[in-house]
1. Hey, could you check segment 13-27 for residues that are open to solvent by less than 90 Å² (accessible area, probe 1.4 Å) and part of a helix (DSSP H, G or I) and say which is modelled with the highest pLDDT?
2. Can you tell me which of K5, K51 is on the phi < 0 side of the Ramachandran plot, in a helix (DSSP H, G or I) and modelled with pLDDT under 60?
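The values are calculated or read from the model by the stated rules, or taken from the named source; none is laboratory data. Just so it is clear, the model here is predicted, and its values are computed rather than measured. Protein only, heavy atoms only, side chains kept; ligands, DNA and RNA dropped before computing areas. Shrake-Rupley method; radii C 1.70, N 1.55, O 1.52, S 1.80 Å.
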Amino acid sequence: AAGTKSAPTADPLLNLAPKKPNWDLKRDIEKDMAKLDRQTELAIVELLRRKIAEAEVEGGGGSDDPASGGGADLAAAVR
């Protein structure tokens, strides 16, 4: 009996650990989370496009200022 206590990995059926209580919740919302992640990415891209468009309207679009960051190039890359 002492040999079974010192080697807990000898019988895998005795070493079954209970699953975490929220494992089924994670499984069930995985598809919804993927959908929300995609929508979040699209919303971020849309906000960036709006911000770039506003910067081009305010700055005249063709600024030679190096601090402008090349908004037109960034806008083309986002599209």
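1. Filtering segment 13-27 down to residues open to solvent by less than 90 Å² (accessible area, probe 1.4 Å) leaves 15, 17, 22, 24.
Applying the additional criterion that residues be part of a helix (DSSP H, G or I) yields 15, 24.
Working: N15: 69, D24: 83.
Only one residue tops the list, namely D24.
2. Working: K51 fails: modelled with pLDDT under 60.
Matching residue, one of K5, K51: K5.
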